[in-house]
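As structure tokens, the structure follows; a few thoughts come after it.
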2 protein chains.
Amino acid sequence: MYAVKAMPRPRSLTPARLADAALAVLDRDGLAGLTMRAVGAQLGTSTMGLYRYVADRDELEALVVERVLDRVDTRPPLDVPWPDGVRELAGRVRHAVGAHPAVVPLLPAHRHRSPAILRWGEAVLAVLTRAGFTGTGRVVAFRALLGYVVGAIQMEHLGALAGPGTAAIAALPRDEFPLLAETARDAGAVGPEDEFGGGLDLLLDGLARRLDT
Amino acid sequence: MYAVKAMPRPRSLTPARLADAALAVLDRDGLAGLTMRAVGAQLGTSTMGLYRYVADRDELEALVVERVLDRVDTRPPLDVPWPDGVRELAGRVRHAVGAHPAVVPLLPAHRHRSPAILRWGEAVLAVLTRAGFTGTGRVVAFRALLGYVVGAIQMEHLGALAGPGTAAIAALPRDEFPLLAETARDAGAVGPEDEFGGGLDLLLDGLARRLDT
DNA sequence: ACCTGAACACCGTTCAAGT
DNA sequence: ACCTGAACACCGTTCAAGT
């Protein structure tokens with residue numbers, strides 16, 4: 001009979017539980033409320049307990065970002081025309097982020113290291129490659145889509161034209177910003193969905209032209 | 001002879017000097033180093049002295065953002081074909097931000113309230129309007145351009161494909177992210193200038209198609 | 001009127017101590 | 001091995017006091 005190794009005390013937390021708690025705090029109290037102390041309290045453990053699972057606050061943020069993005073389905077839709085495939089993939093990210101808007105300010109800084117976003121990027125590239133993009137053309141296409149999706153989602157949630165900012169802009173001095181005021185008024189007729197989709201369609205049309213020639 | 005009002009002691013600072021000092025700190029020490037204490041030290045005044053010119057840290061950040069964006073020429077280029085006009089305006093913002101990359105993380109939060117960005121938006125709309133865009137089509141065009149410019153500039157400086165991130169991505173497990181690895185390798189042949197311009201051209205082509213029909 | 005320094009209520013994180 | 005609380009070095013900001 002072998003000597004039984006002394007059982008180490010089981011860890012009381014899991015990365016998943018930590019991520020859930022941090023996201024709950026973020027949703028409830030916003031980014032300013034997301035502190036190590038608050039997450040500790042949310043879990044009923046000491047603040048310092050978190051450091052057993054996470055090296056620092058930065059890693060906690062990465063965990064929250066991943067918790068949000070991990071939900072997006074990253075299987076490439078290859079059974080539809082490629083523009084529809086791109087629309088579908090872009091829409092999935094937009095939808096996942098829309099469920100937790102407080103995470104938006106964290107996205108730019110943590111995008112690189114997110115496995116979920118990497119999987120999503122691979123899916124976008126699968127669709128683009130199937131469509132016929134290669135080499136530097138594919139690089140530009142991919143970067144443009146990524147840039148647009150990142151920027152548009154941010155605009156939607158930290159909104160200038162859409163959302164609460166619209167009214168403020170529509171009230172701008174008409175003599176100094178006549179076109180901006182007019183455009184803000186017109187913006188009322190365009191929902192956030194159409195705004196996101198409309199801009200994406202512009203990009204997709206531009207991409208389609210590259211494929212023709 | 002009138003009684004001379006007691007001269008109030010002249011203010012020792014100006015908003016411009018404050019903005020300059022804050023930008024100098026930001027350029028030197030990065031966003032984490034931009035503190036009220038550091039800016040006070042930079043000016044040789046007390047920390048609390050700043051509060052006479054700025055309500056809080058948020059306003060200090062807005063001042064820095066404005067200091068960077070105020071340099072962009074916002075006269076609409078109406079003497080060239082409209083796509084060139086848009087390229088020119090987008091390039092000016094990109095150039096101004098490129099001179100102070102540490103300001104990038106501050107842009108999304110302070111974009112709305114920046115007079116410089118409003119003037120820039122007015123110029124973009126002038127070009128678009130001259131090109132023939134109106135109503136909701138103009139709204140979508142404007143928002144798409146804004147979203148792309150914001151997103152692409154952010155990508156360039158917090159970079160995923162371009163910059164230091166590229167090498168990391170190129171070293172990804174080839175079996176899990178084959179297309180991402182391939183694309184990152186191809187990205188070496190595309191400079192940041194071409195990447196920004198190439199994506200913008202896609203958008204402009206899409207916009208041109210809207211005008212034809 | 002303008003500026004200052006001490007003090008307060010927070011942070012993230014180090015570290016020695018508990019079980 | 002795992003968890004804790006006190007303590008440290010920072011923040012932004014309030015407030016009473018100085019000239």
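The values are calculated or read from the model by the stated rules, or taken from the named source; none is laboratory data. Predicted model only: the values in this text are computed from it and were never measured. A quick note on method: Cβ atoms are made from the backbone with ideal geometry, for glycine too, and the neighbour counts reach across all protein chains shown.
Summary of values
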| quantity | calculated |
| --- | --- |
| Checklist (1) surrounded by fewer than 19 Cβ atoms within 10 Å (Cβ to Cβ); (2) within 9 Å of another protein chain (Cβ to nearest Cβ); (3) of a type outside the set (S, T, N, Q) applied to A:ARG130, failing item | (2) |
| Any hit, region A:73-88, residues being out of contact with any Gly (no Cβ under 9 Å at 6 or more places or on another chain), surrounded by 16 or more Cβ atoms within 10 Å (Cβ to Cβ) and in contact (Cβ under 8 Å) with a residue 60 or more places away in the chain | yes |
| Test: residue in region A:160-172 that is modelled with pLDDT of 90 or more and either within 8 Å of chain B (Cβ to nearest Cβ) or under 15 Å from B:ARG111 (Cβ atoms) (or both) | no |
| Criterion (out of contact with any Cys (no Cβ under 6 Å at 6 or more places or on another chain) and surrounded by fewer than 18 Cβ atoms within 10 Å (Cβ to Cβ)) met by exactly one of B:ALA96, B:ALA109, B:ALA22 | B:ALA109 |
| Condition broken by A:ARG52, with the remaining ones in (1) touching a residue at least 40 places away in the same chain (Cβ under 8 Å); (2) more than 16 Å from DNA strand C (Cβ to nearest atom); (3) farther than 23 Å from B:PRO173 by Cβ satisfied | (2) |
| Evaluation of B:PRO101 against (1) at pLDDT below 95; (2) more than 9 Å from chain A (Cβ to nearest Cβ) (one fails), failing number | (1) |
| For B:LEU43: the one exception among (1) of a type in the set (A, V, I, L, M, F, W, C); (2) surrounded by 17 or more Cβ atoms within 10 Å (Cβ to Cβ); (3) more than 16 Å from DNA strand C (Cβ to nearest atom) | (3) |
| A:GLY121 vs. criteria surrounded by fewer than 20 Cβ atoms within 10 Å (Cβ to Cβ) and without any contact (Cβ under 8 Å) to a residue 60 or more places away in the chain | no |
| Enumeration of residues in region B:120-138 that are part of a loop (DSSP other than H, G, I, E, B) and of a type outside the set (Ser, Thr, Tyr) | B:GLY132, B:PHE133 |
| Residue check, A:GLY197 modelled with pLDDT of 95 or more, surrounded by 22 or more Cβ atoms within 10 Å (Cβ to Cβ) and at negative phi | no |
| Residue count, region B:33-49 (criterion: of a type in the set (A, V, I, L, M), more than 8 Å from DNA strand D (Cβ to nearest atom) and free of Cβ contacts under 8 Å to residues at least 24 places away in the same chain) | 2 |
